[in-house]
1. Taking the conditions exactly as written (modelled with pLDDT under 90, touching a helix residue (DSSP H, G or I) at 6+ places or on another chain (Cβ under 9 Å) and under 30 Å from L512 (Cβ atoms)), does I310 satisfy them or not?
2. Would you confirm whether or not segment 406-419 contains a residue that is in contact with a helix residue (DSSP H, G or I) (Cβ under 6 Å, 6 or more places away or on another chain), assigned to a helix (DSSP H, G or I), surrounded by fewer than 20 Cβ atoms within 10 Å (Cβ to Cβ) and modelled with pLDDT under 85?
3. Limited to segment 58-112, what total is found for residues that are on the phi > 0 side of the Ramachandran plot and in contact with a Phe, Trp or Tyr (Cβ under 9 Å, 6 or more places away or on another chain)?
4. What are the pairs with Cβ atoms under 6 angstrom where one residue, in segment 168-197, is without any contact (Cβ under 8 Å) to a residue 12 or more places away in the chain and the other, located anywhere, is assigned to a helix (DSSP H, G or I) and crowded, with 20+ Cβ neighbours inside 10 Å? Sequence gap at least six, or different chains.
5. Six or more apart or on different chains, Cβ under 9 Å: which pairs go from a residue in segment 30-55 that's of a type in the set (K, R) to one that's surrounded by 20 or more Cβ atoms within 10 Å (Cβ to Cβ)? Could you list them?
6. I need the full set of residues from segment 455-493 which are farther than 15 Å from Y441 by Cβ, of a type outside the set (A, V, I, L, M, F, W, C), at pLDDT 70 or above and part of a helix (DSSP H, G or I), in order please.
7. On the basis of being surrounded by 23 or more Cβ atoms within 10 Å (Cβ to Cβ), basic (K, R) and either touching a residue at least 12 places away in the same chain (Cβ under 8 Å) or assigned by TED's automatic domain parsing to the domain that holds I94 (or both), does R144 make the cut?
8. Against the condition modelled with pLDDT under 85, part of a helix (DSSP H, G or I), under 24 Å from T343 (Cβ atoms) and more than 15 Å from the chain's Cα centre (by Cα), how does Q393 come out, does it pass?
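The values are calculated or read from the model by the stated rules, or taken from the named source; none is laboratory data. Computed from a predicted structure; not experimentally measured. So basically every Cβ, Gly included, is an ideal-geometry build from the backbone, and we count neighbours across all protein chains shown.
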Amino acid sequence: MSQNSPQAGGAPVRAHTHREIMIILSGLMTGMLLAALDQTIVSTALKTIVIDLHGLKEYTWVVTAYLLTSTASTPLYGKISDLYGRRVVFQFAIVTFLVGSLLAGLSQNMTELIATRALQGLGAGGLMALTFVIIGDIVPPRERGRYQGYFGAVWGLSSVAGPLLGGFFSDHHTILGVTGWRWIFYINLPFGILALVITSAVLHIPKVKREHSIDYLGALLLVLGVTSILLAIAVYGPEYGWVDSRTLIYLAVGIVLAVAFVIWEEKAKEPILPMRLFKNHTFTLTSLLGAVIGAGMFGAIIMLPLYLQIVKGNSATSAGLKLIPLMLGIVSMSIFSGKRITTTGKYKKYPVLGTAIMTVGILMMTTLTRSTPYWQLSIYAIIVGAGLGLSMQTIVIALQNAVDFHDMGVATSSNTFFRSLGSVFGSAIFGAVLNNRLTHYMATGFTNLAHTNPNVMATINITPAGLTNMIANPKGVPVIVHNTALDAYVNAFHIVFFTAAPITALGFLLALLLREIPLRTSHDYAAAREEAAGEAIG
């Protein structure tokens, strides 16, 4: 570990021991797990929530409100923590998330639930961004791999635990006298309080005093621009069509605001996202890589449960359990690559291998059929998970090693921001492709069936509502009709995976361009921290 180094003002900064770092990590990982879980835990419970709160028309906003605020706020947390200190801002994020969780569990209608989910997301943006920033503060890049691999394990766990817990709670009418789905939010409270206690007790990072001014206009332009674009991509486009006036207006407004944000940030004294960071080769590449990996990760997490539930007929809970191979791939390779990076000091090969492996795994999924055995799907899921595990945390190490210490917060949170954007864009693109191709293959399949079996088709309701009911309740439906509908889904999934593969292949090309910069050691890191503190005071 690093030796003691002087803090600005002359007081020595004591290095954290391995035991202290592991205790701090437990608090950070608990907070990040909660934020990651709440991205997916609601999806499998939406049906129950909508029925209970009588809000069918607004159901998409339960997910979207959380997504909007968590994504838009992410880069703000990094900059604010650079100015005011990590611990107080991280704890603010925890408290905000807990208040949002409590109020979401108490919601009596959809409007209240949507508003409180937005509040939850505001806290989650800080939990996801600052976790990586704080570990970057207390551990030198050369030693960071051994710890950062555990964060990949948290992401892997959340990808399975979210849908699984959501299905479990929603399947129970009441638990301890409380409506089952409300526990989706109440379960956050004890773990969030634990994270708050741990970070209060052990997270002591010296605060560097800086002369500062808040870029309020930049923050406003960023939040409004991101929100407008996300509304167009994640809500109005999929729901009303990509040429609908609402979609086009929100997209146009978002782009205009984004351009205005970039222009303003060039002039701002204390920019939220300094444009000079994009002159850093590693920052730019890892931002693009983060977006690609985010898209690939969410494509797998969303499409695999859909395949298992629709084509294989699994329940939501069962589909969640069957994602365990994906989690094992992420967890094992996150920990393996992290430890190897610490041992060798080399990191570039892991995102190169990871994106290549992820692309191969996604291409393998284009071979899925109605009769594909689960063991075969498990192999594909492990391969995709292994690719994610090799890539996700490695690019954060590369980024933090390449930027100045005083830019650590804004650079790291920006990487998380771009990964979140990639997740949103990936989910929207893959969803649009699935719906478009499903309509095509359904029409083609049933047209062919009408020619070959007109008597069977005469008794079948092939309206969208009828087809949905047929998939959900196949009993009494002729086997050939049901199989035609399932084949349409399978073919549509194939096109989705064929669409995802070039995106992850682009990640492979970007990873090849990464420069292998020697990882800073404890001594180098202490010197960089001291220099940053000196610049702040001077």
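1. Taking the combined requirement at face value, the residue does not satisfy it.
2. Within segment 406-419 (the criterion being in contact with a helix residue (DSSP H, G or I) (Cβ under 6 Å, 6 or more places away or on another chain), assigned to a helix (DSSP H, G or I), surrounded by fewer than 20 Cβ atoms within 10 Å (Cβ to Cβ) and modelled with pLDDT under 85), the answer is yes, since at least one residue qualifies.
3. Of the residues in segment 58-112, the ones on the phi > 0 side of the Ramachandran plot are 85.
Remaining after also requiring in contact with a Phe, Trp or Tyr (Cβ under 9 Å, 6 or more places away or on another chain): none.
Residues in segment 58-112 being on the phi > 0 side of the Ramachandran plot and in contact with a Phe, Trp or Tyr (Cβ under 9 Å, 6 or more places away or on another chain): 0 in total.
4. From residues that are without any contact (Cβ under 8 Å) to a residue 12 or more places away in the chain, the pairs are I175/W183.
5. K47/S170; K47/A316
6. Across segment 455-493, the qualifying residue is only N455.
7. yes
8. Working: modelled with pLDDT under 85: yes; part of a helix (DSSP H, G or I): yes; under 24 Å from T343 (Cβ atoms): yes; more than 15 Å from the chain's Cα centre (by Cα): no.
Criteria not met by Q393.
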